[in-house]
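See below for the structure under consideration.
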Ligand SMILES: Nc1nc2c(ncn2[C@@H]2O[C@H](COP(=O)(O)OP(=O)(O)OP(=O)(O)O)[C@@H](O)[C@H]2O)c(=O)[nH]1
Ligand SMILES: [Mg+2]
Ligand SMILES: [Zn+2]
């Protein structure tokens, strides 16, 4: 474990990210005196909505071409007399920054000052657990906590398996059956439920907080709600897993648009186009983000990739070689745990895949996944 840089080790302070662009404007005392603090609560390209400390939300424009903000940024605003648009003139240093690598290999910041990334998965659209794993890894690389939320537990409900999902709330008793809601395909059978149960257990064993719920039916929410109270959370995951539905359930006044019934079989459609931040009624903040077809974290060194797999990192200290990558090395405690089933083979495969992607060795299809 000692070879892992301190900033990556679980539970340590996250690195502070320097913000280069845009600080010059507020340097002189005059402009500093006319600025006030705000929070970026919505950002889409150059379009930005900020919230001032009194809770008011207003549009703001970015001062200069170099300045780029993301949801969650703390900024300084300048409102010139006679102009109705406030200008963002400076970004406060970010406590944390969560990013992705886009399809052209560029690092794209997604949200700032988070403490937690909550990754959603659901029986439909078909879950890609490699994406989920890469989100969890990306959170760890950024010094953030993470959690897994399995949504749409109602789709898996079965006469014998009522533990998964409570009864729908009364006002939603008329909700169409899953088979009506997804006319393109039947709801998952019991076999899928069993598989999912195994996968849920794997994430728990790996050390992640795991929640099972139905955002649409409002079941299984209490535990998650409590968990989120002290956090600034990004809801992430494939398009259509129910991020916005979950947000609306936890923050009803957000009333954000979710995918309509008629669109629900179109997996490629993204209903949410911009990240937006909301306050939970009893504390904590929640950022809804657009769904993805893929996610890759910002690059880290090979030796640090294991930081994204707590079950691997935990055993790495027992490997014979200090610089063991857990691939073929003799005396590897991680391989031993994979062989004995203590580490899930799929999770280990996922670690190797990200290692390959980061090394640039992966075949093209893998990079595009
Ligand atoms: N059966 C069931 N359907 C759900 C549940 N949660 C959400 N849905 C449905 O799943 C579809 C997608 O929900 P959204 O909340 O728009 O998904 P999203 O993750 O925000 O999608 P993007 O914004 O495209 O990333 C909608 O038709 C929701 O009604 C749930 O718990 N159970
Ligand atoms: Mg959405
Ligand atoms: Zn090893």
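Throughout, read-outs are computed from the coordinates displayed, never taken from laboratory work. What you see is a predicted model, and the numbers here were worked out from it, not measured in a lab. All Cβ positions, even for glycine, are placed from backbone atoms using ideal geometry, and neighbour counts span all protein chains on display.
Using a ≥ b ≥ c from the Cα gyration tensor of the range 63-145 (square roots of the eigenvalues), is it rounded, prolate or oblate, where a/c under 1.5 gives rounded and otherwise the larger of a/b and b/c decides, a/b for prolate? Don't skip to the answer; put the middle values down first.
Values: a/c = 2.51, a/b = 2.38, b/c = 1.05.
Here the range 63-145 falls in the prolate category.
Limiting things to C-alpha atoms, what are the Rg and the maximum Cα-Cα separation (Dmax) for the range 302-368, in angstroms?
Values for the range 302-368 (Cα only, Rg and Dmax): 11.8, 35 Å.
Using only the Cα atoms of the range 289-335, build the gyration tensor, take square roots of its eigenvalues as a ≥ b ≥ c, and label the shape rounded, prolate or oblate: rounded if a/c is under 1.5, else prolate if a/b is larger than b/c, else oblate. Numbers along the way, then the final one.
Working: a/c = 3.04, a/b = 2.61, b/c = 1.17.
Prolate.
When a footprinting reagent is the concern and you count Cβ atoms within 10 Å, what order do 144, 136 take, fewest first? Don't skip to the end; give the middle numbers.
Values: 144 22, 136 26.
Fewest-to-most Cβ neighbours within 10 Å comes out as 144, 136.
Using the alpha-carbon centroid of each, what span in Å lies between the range 106-161 and the range 267-343?
11
Express the relative contact order of the range 302-368 as a whole percentage, based on alpha carbon pairs under 8 Å and six or more residues apart in sequence.
Working: 52 pairs, mean separation 18.2, N = 67.
In percent, rounded to a whole number, it is 27.
For the range 24-91, what is the percent of antiparallel DSSP beta bridges, rounded to the nearest 5?
Details: 18 of 21 bridges.
Of the beta bridges lying entirely in the range 24-91, close to 85 percent run antiparallel.
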